[in-house]
Amino acid sequence: MRKYHIHTFGCQMNEHDSEIIGGILEQRGFQATDSPDDADIIIFNTCCVRENPERKVYGRVAELKTLKIENPDLIIGISGCMAQQPGEAERIAKRLPHVDLVFGTMNIHELPELLDQVEAGHKAYRVWEGDPERDGGIIEGLPIRRVPGVSAWVSIIYGCNNFCSYCIVPHVRGRERSRRFEEIIDEVKRLGQEGFGEVVLLGQNVNAYGRDLKDGRDFADLLHALDETPGISRIRYLTSHPRDFTDKLICEIASSETVCEHFHLPLQAGSNRVLARMNRGYTIERYMDLVRRIRQAVPGCSITTDLIVGFPGEDDDDFAKTLRAVEEIRFDSAFTFVYSPRRGTVAASMPNQVPCEVKSQRIQQLISVQTEITEQINRTLQGEVQEVLVEGMSKTNPSMLSGRTRTNKLVIFPLHPEVSKGSLVKVKITETRAWTQIGEVVLV
Ligand code: SF4
């Protein structure tokens, strides 16, 4: 049986796209392999949200040239957001002539036809040409090769209309397109029957769900309809845009049985001047008011965020405002990034690009401030009993099991005869840390 290997870069949306690419290849008779050396087809499902993952892909694919010379039948493919960037397919053809296949974020369903071309001895390049009306559709019913586990990805909306000035996503994932309500309900029902205890609803901006469907139903209505789906004990979702987080949604989450009490709300910066230049559509005051309303409605919830330092024009005072916001809001944790100019975005051609050494000083300072807050918050869990959904063996300690609380804290604990993957157990936290809490099972 021929084998395939997919190397995925970037976000959960890309992880899920790789599950669909795997599903299509298995339908064609291929079998998954973890080792590229054993593979008959290798696909790099790429990300271009920052420069680094792009550079990595070019490096990795260039290294495969020798493998291709040894095995001329080996098929090498590049897909995902980097492949979708305007002019990237041409760049790949010039710099990586041993690549056979390039397809974009909205061409995954065309993979069988593209493979026919490659197997007939031709190169196959197919990316979205930027006409959302023509190419922006949603293809339902594609095969999905899900990674066995307790949690399953479910896309609910594709693309983004927000055009934050630093972000390449709207340029490579197109305009917002919501899946039909019933399609999502049916898929989650099936996942409950298949034994997945948790679903993660995916979208660049899940809060915009339904805006384009014009049937009046929105994200809060979808969560309401999914609540108490048989077999599904937890619902998570990402990523939210703070500007579109309504009181209706907060109420729905506060009253829901299954929607977890974890809110990931990318703030990005603490200065209104920078937020405006980022085209984020909210002020720090509005963001903090949203956090206050969420904490009031859902006591004990966790709030995490994304933060960028070194955005063009960011001065010491702007950065001080980001630090102040972090100290006042006290996020449970934060993904912190150094601004990386992306070709084709508004911010990339802005004046006053911040020097690298300043960016790295700021990111170090931000990480140390946030890590201290994360540790302080986790210390309050000491001695508490938390409900944990077991995901399997710990990746860091083979003698321990690991899982997540409803507030998305990672907990590891000793093996227990009655506990296995998928179990919902009560765990007493005995030791706290920044990223992983230690506990012991108190109730199965
Ligand atoms: S909301 Fe902004 S940052 Fe998020 S995907 Fe859309 S454009 Fe990018």
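The values are calculated or read from the model by the stated rules, or taken from the named source; none is laboratory data. None of the values given here were measured: they were computed from a predicted structure. Glycine gets a Cβ as well: all are built from the backbone with ideal geometry, and neighbour counts include every protein chain shown. Each accessible area value is taken on the protein alone, full model and side chains, heavy atoms only, with ligands, DNA and RNA left out. Shrake-Rupley method; radii C 1.70, N 1.55, O 1.52, S 1.80 Å.
Filtered by the rule that a residue be open to solvent by 20 Å² or more (accessible area, probe 1.4 Å) and in a strand (DSSP E or B), the range 1-20 gives LYS3, HIS5, ILE6, HIS7, THR8. Within the range 407-432, the set of residues being in contact with a Ser or Thr (Cβ under 9 Å, 6 or more places away or on another chain), modelled with pLDDT of 95 or more and not hydrophobic (A, V, I, L, M, F, W, C) comprises THR407, ASN408, LYS409, PRO414, THR432.
Could you say whether any residue in the range 186-196 is assigned to a loop (DSSP other than H, G, I, E, B) and not charged (D, E, K, R)? Yes.
Looking at this structure, is LEU213 among the aliphatic types (A, V, I, L, M) and open to solvent by 30 Å² or more (accessible area, probe 1.4 Å)? The answer is yes for LEU213.
Out of curiosity, is ARG243 within 16 Å of the ligand (Cβ to nearest atom), among the charged types (D, E, K, R) and open to solvent by 50 Å² or more (accessible area, probe 1.4 Å)? So ARG243 fits the description; yes. The condition of being modelled with pLDDT of 95 or more and open to solvent by less than 50 Å² (accessible area, probe 1.4 Å) holds for only one of VAL150, VAL172, VAL127, VAL188, that being VAL188.
Out of LEU202, LEU213, LEU275, LEU223, one residue alone is closer than 30 Å to ILE363 by Cβ and either free of Cβ contacts under 8 Å to residues at least 40 places away in the same chain or more than 23 Å from the chain's Cα centre (by Cα) (or both). It is LEU275. In the range 216-240, the qualifying residues are those that are assigned to a helix (DSSP H, G or I) and open to solvent by 30 Å² or more (accessible area, probe 1.4 Å), and the one that is nearest to the ligand (Cβ to nearest atom) is ASP221. Return the residue satisfying two criteria in turn: it lies in the range 262-278 and is closer than 18 Å to LEU238 by Cβ and open to solvent by 10 Å² or more (accessible area, probe 1.4 Å), and of such residues it is farthest from the ligand (Cβ to nearest atom). The residue in question is HIS262.
The set of residues from the range 143-171 being touching a Phe, Trp or Tyr at 6+ places or on another chain (Cβ under 8 Å) and either part of a strand (DSSP E or B) or within 11 Å of the ligand (Cβ to nearest atom) (or both) comprises SER151, ALA152, ILE157, TYR166, PRO170.
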